[in-house]
Amino acid sequence: MRKPVLTIFYQFNPWNTTIGGIQTLINIFIKYAPSEFEVRLVGTGDNPNQPLGRWQEAEFAGRQISFLPLFMLQNDNFRSLIPTTVKYTTALVGQCFASDFMHFYRLEPTIATLHWSGEKTLFIQNDIEAQMKSAADDKNAILWRRFPAGYFALERLLVGQFNQIFSCNTDALELYQKRYPKIKDRVHFLKNTFDEEIFYPLSLEERDRQRRNLALKLDLSEDTRFVLFAGRLHPQKDPLLLVRAQAALDEPNIHLLIAGDGELASQVRAEIGQLGLSERVTMLGALRQTELADLHRICNCLVLTSAFEGLPFVVLEALACGTPIVTTRSGETPKLLSPDNGVIVAERTPACVAGALRQVVLHPDNYPTASCVRKAQPYAARTVVNEVYSQMWQRWEHRLSSAST
């Protein structure tokens with residue numbers, strides 16, 4: 001019996017240091033794919049000598065996959081004048097990469113797949129309605145905000161082709177089930193996840209030792225406490241609010257680490273300079289997962305100042321490392337947290353964010369490592385991803401038996 005083929009479609013190169021929850025989820029689906037499946041990825045290239053539009057064998061996270069770059073994309077952490085999704089969709093038009101299972105993470109590219117045969121699954125990371133309505137997000141950040149009626153018309157045209165729609169956001173799940181009653185049985189909740197081989201806690205003694213080492217490396221006092229932001233520097237994440245909150249915090253021994261990159265990087269640097277925070281904020285740029293895990297394990301808090309979210313992978317990764325969360329009231333994170341592993345900011349203001357950071361960082365005993373790890377455990381990659389693959393395999397066997405009778 002031949003292996004069933006899963007083809008994943010997304011506009012990135014998994015070997016690059018790329019920022020985003022979608023990329024993290026795809027990487028996990030590749031890494032933990034059972035050997036019974038053949039896995040393919042239609043992505044983008046970054047090497048001028050790499051042939052475009054041709055399948056090539058490659059290894060990722062110890063897993064052999066087939067990889068096809070559609071076009072060159074040097075850095076997917078920044079937007080270009082022509083949105084990458086438009087380039088990716090255009091490159092798919094006229095092609096056919098139909099396979100037994102197909103996973104999509106953006107709606108637009110599936111314009112090209114309407115007539116492809118095979119089982120199609122759409123993964124939704126954000127609440128699109130919240131994205132469209134968000135006042136904190138400038139209209140250039142999500143270009144569909146200029147044409148919401150156009151987006152929802154496109155959505156109505158395309159959603160019927162999917163055998164399954166997975167959402168990590170319960171509000172988006174309920175919205176899709178209500179908006180499309182004919183396919184509501186195909187819309188399901190799927191937990192986001194974290195890679196337990198990478199994200200795990202240290203002992204308190206080792207955590208403190210490594211925290212002191214980082215402080216000395218950055219030429220800071222040994223008793224410095226660290227707050228971590230990790231993500232794309234994009235209006236959705238509102239990093240400018242984060243920097244202003246650090247100014248309002250006015251605690252010289254609390255240092256902000258910003259791990260990420262994106263179109264707001266220059267504005268964030270300018271804001272840090274204008275507020276006189278150059279000695280209290282360090283911008284680290286984009287980091288690999290293993291480097292980010294090392295930071296999670298020694299920081300006192302992870303902070304999110306997002307205007308809208310799904311359930312950020314970085315939240316689960318931090319909790320798995322024993323690190324509590326401070327978050328604005330967006331997405332699934334406020335529904336996930338308990339009083340002993342995080343604080344939900346009452347208002348999206350610098351003063352409120354600063355108050356929550358002070359509460360968590362200065363009172364670590366109220367947010368024990370064990371509570372954080374316990375909250376993350378049900379979201380471990382092997383648990384979540386293996387269940388998805390198991391269901392895929394059952395449907396595959398059922399199709400084979402139906403075809404043979």
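No value in this document is a laboratory result; all are computed from the given coordinates. From a predicted model like this one, the values you see are computed outputs, not experimental measurements. All Cβ positions, glycine included, derive from the backbone under ideal geometry; neighbour counts span all protein chains shown.
Numbers at a glance
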| read-out | value |
| --- | --- |
| Cα long-axis angle, helix 148-158 against the chain (0 to 90 degrees, to the nearest 10) | 40 |
| Amide proton proximity set for residue 72, modelled H, under 5 Å, gap of 5+ | 45 |
| Amide hydrogen neighbours beyond the local backbone of residue 326, cut-off 5 Å, H modeled | 302, 303, 304, 343 |
| Angle between the chain longest axis and helix 265-274 axis [Cα atoms, degrees, rounded to 10] | 10 |
| Correct option for Cα extents along the principal axes in Å [calculated from the coordinates] among (i) 73, 42, 39; (ii) 63, 46, 38; (iii) 70, 48, 44 | (iii) |
| 93, 314 arranged by Cβ crowding within 10 Å, fewest neighbours leading | 93, 314 |
| For the chain, built as a Gaussian network whose Cα springs stay under 10 Å, the top-fluctuating residue of 374, 225, 179 | 179 |
| Helix-only mean residue ellipticity at 222 nm for the chain, each DSSP H run of n ≥ 4 adding -39500 (n - 2.57), per residue, nearest 500 | -11000 deg cm²/dmol |
| Reachable aspartates and glutamates, given that their alpha-carbon falls under 16 Å from the alpha-carbon of residue 191 and they are not under 8 places away in the same chain | 127, 171, 174, 309, 317, 332, 387 |
| Karplus-derived 3J(HN,Hα), 6.51/-1.76/1.60, for each residue of the range 19-33, Hz, glycine and proline x | 10, x, x, 4, 4, 4, 5, 4, 4, 5, 5, 6, 4, 9, 5 |
| Extension gain (nm, one decimal) between residue 61 and residue 213, 0.36 nm per residue minus Cα-Cα | 51.8 nm |
| Per-residue Cβ neighbour rank within 10 angstrom, fewest leading, 119, 174 | 174, 119 |
| Those GluC sites (Glu not before Pro) in the range 248-308 that DSSP places in a loop and that have at most 14 other beta carbons within 10 Å | 279 |
| Environment charge of residue 357, counting only residues whose C-beta is closer than 13 Å and scoring Lys/Arg +1, Asp/Glu -1 | +2 |
| Debye, to nearest 20: dipole size of the chain, +1 on Lys, Arg Cβ, -1 on Asp, Glu Cβ | 1040 |
| Degrees between helix 381-404 axis and first principal axis of the chain (Cα, 0 to 90, nearest 10) | 10 |
| Max mean-square fluctuation residue, GNM over the chain, Cα-Cα springs under 10 Å, options 276, 260, 342 | 276 |
| Proxy reagent accessibility, fewest Cβ within 10 Å first, across 278, 402, 371 | 402, 278, 371 |
| 5 angstrom amide H check on residue 254, placed H, neighbours 5+ away | 225 |
